[in-house]
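Enquirer: This is the structure I want to talk about, given as structure tokens.
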Amino acid sequence: MIRRLAAATFLTAGLLWGLAGCNDASKPAPAAAPAGKAATPAEAHYKATPSKVLAAVRKRGYVACGVNPGLPGFAYPDIRGTWRGFDVDICRAVAAAVLGDASRVRFTPISAQDRFSALQKGEIDILSRNTSWSFSRDAGLGLDFAATTYFDGQGFLAPKALGLTSAQELSGARICVQAGTASEANLADFFRARGLNYKPVVVASEAEARRLYETDGCDVFTADISALAGSRSVLNNPGAHVILPDVISKEPLGPVVRQNDAAWADIVRWTVYAMILGEELGLTSKTVSQARETAVDPQTRRLLGVEGDYGAMLGLSKDWAFQVIRQVGAYHEIFGRDIGAGSPLKLDRGLNALWNAPKPGLLYAPPLR
């Protein structure tokens, strides 16, 4: 009896399989991709989400960018009044991506105390102002951190003559710190955790902190290490000051946008990633035009708009990333000229090296595919 049931089950299954096979054979085979051309998902399956900020930017003809009033290496007006620096170049890259012209940016210098309210009120489209990504800022202010452009940490600038080797030796010191920054809270946490005393000298700006520090208004100046390097570069005798080896916090810095426009956040995010991918693929502002004509690598062709139309998913032109790299540069170019070896700051890549560099860092962009 058991054998008969098993046989019947087998015959039924075989019949159903045969009928299914006949039905499949009657359907036309899926169309093959044209010879020599791979299927490109970006061409057919995705549609851009409308961005109110992008529409407003295009209507007015420029990107409104909030920057530091004056931080060497990151945001400062030169002798002609032209804004320069790492954070400035991030905004120029966004302008190149969305308007095809990196010069179509208006910069608004904003204090640390006013930076978030200016963004919340819609006075600026992007805040690109050495601002740290933290839980409370991300979750509690109605803002989004689009990407990390510089991995930093808080440190201490001290006169070399003091002979200090560690921040642990700063008990009782007068320490300059800027109001309205993460540095103020980090400083308090560091000393409280170690049972050390200090006298905070709270000031309104980096410039004021530098002035007090240089005129003996405080013993030590604390801020992000990149900011300290910038400050040291403009002191009367930069070589007479050292940045102590202690790093007392994690400070991932990057551009900030309002949380009510996810499509605009994607545009800013992928503009940053386009520069990182540009470095990873060996592109520069000088070579990218030739690469667009001759590259055979699929990743390079996608990034530069030769293959597929990935810009359409952001509501941008096909060559958006090409314009970013051609007009502003790949990541290593802006790093080098603004804060790296080609600048007075001479900052090492460190954590801001590519993930696959000989000395790997944290810089990593998702794949463009």
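The values are calculated or read from the model by the stated rules, or taken from the named source; none is laboratory data. Quick caveat, the model's predicted, so the values are computed rather than measured. Positions of Cβ are backbone-derived with ideal geometry, glycine not excepted, and every protein chain shown enters the neighbour counts. Ligands, DNA and RNA are excluded from the accessible area calculation, which covers all protein heavy atoms including side chains. Shrake-Rupley method; radii C 1.70, N 1.55, O 1.52, S 1.80 Å.
Enquirer: Report every pair of residues separated by at least 6 positions or lying on different chains whose Cβ atoms are under 8 Å apart, first residue within region 92-120 and basic (Lys, Arg), second in a helix (DSSP H, G or I) and open to solvent by less than 10 Å² (accessible area, probe 1.4 Å).
Expert: Close Cβ pairs (under 8 Å, with a partner that is in a helix (DSSP H, G or I) and open to solvent by less than 10 Å² (accessible area, probe 1.4 Å)) amount to Arg104/Ala95.
Enquirer: Taking the residues in region 356-366 that are more than 15 Å from the chain's Cα centre (by Cα) and open to solvent by 40 Å² or more (accessible area, probe 1.4 Å) as candidates, determine which candidate is farthest from Asn130 (Cα to Cα).
Expert: Pro358
Enquirer: Given the conditions (1) assigned to a helix (DSSP H, G or I); (2) touching a residue at least 12 places away in the same chain (Cβ under 8 Å), and given that Arg192 satisfies all but one, which numbered condition is not satisfied?
Expert: Arg192 satisfies all of (1) assigned to a helix (DSSP H, G or I); (2) touching a residue at least 12 places away in the same chain (Cβ under 8 Å) except (2).
Enquirer: Can you give me the number of residues within region 318-349 that are in a loop (DSSP other than H, G, I, E, B) and among the polar types (S, T, N, Q)?
Expert: 1
Enquirer: Moving on. Being surrounded by fewer than 20 Cβ atoms within 10 Å (Cβ to Cβ) and in contact with a strand residue (DSSP E or B) (Cβ under 9 Å, 6 or more places away or on another chain) is the requirement here; does Glu184 meet it?
Expert: Answer is yes for this residue.
Enquirer: Restricting attention to region 198-215, and to residues there that are assigned to a helix (DSSP H, G or I) and under 20 Å from Ala188 (Cβ atoms), which single residue is modelled with the lowest pLDDT?
Expert: Glu206
To keep it simple, each residue is scored yes or no on (1) open to solvent by less than 20 Å² (accessible area, probe 1.4 Å); (2) among the hydrophobic types (A, V, I, L, M, F, W, C); (3) touching a Pro at 6+ places or on another chain (Cβ under 8 Å).
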{"residue": "Val272", "(1), (2), (3)": "yes, yes, yes"}
{"residue": "Ile276", "(1), (2), (3)": "yes, yes, no"}
{"residue": "Thr287", "(1), (2), (3)": "no, no, no"}
{"residue": "Arg302", "(1), (2), (3)": "no, no, no"}
{"residue": "Gly311", "(1), (2), (3)": "yes, no, no"}
{"residue": "Asp319", "(1), (2), (3)": "no, no, no"}
{"residue": "Ile334", "(1), (2), (3)": "yes, yes, no"}
{"residue": "Ser343", "(1), (2), (3)": "yes, no, no"}
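Enquirer: For Asp125, indicate whether it is buried (at least 24 other Cβ atoms within 10 Å of the Cβ), under 26 Å from Leu314 (Cβ atoms) and of a type in the set (D, E, K, R).
Expert: Against the criterion (buried (at least 24 other Cβ atoms within 10 Å of the Cβ), under 26 Å from Leu314 (Cβ atoms) and of a type in the set (D, E, K, R)), Asp125 qualifies.
Enquirer: Among the small types (Gly, Ala, Ser), touching a residue at least 60 places away in the same chain (Cβ under 8 Å), open to solvent by less than 30 Å² (accessible area, probe 1.4 Å) and closer than 30 Å to Tyr46 by Cα, is that true of Gly230?
Expert: So Gly230 fails the test.
Enquirer: Mind telling me which of the residues Asp219, Asp261, Asp266 ends up being surrounded by 18 or more Cβ atoms within 10 Å (Cβ to Cβ), touching a Lys or Arg at 6+ places or on another chain (Cβ under 6 Å) and closer than 26 Å to Ser134 by Cα?
Expert: The unique qualifying residue is Asp261.
Enquirer: Quick one: Ile248 ticks every box in (1) under 28 Å from Ser343 (Cβ atoms); (2) open to solvent by less than 30 Å² (accessible area, probe 1.4 Å); (3) hydrophobic (A, V, I, L, M, F, W, C) bar one, so which box is it?
Expert: The one condition Ile248 does not meet is (2).
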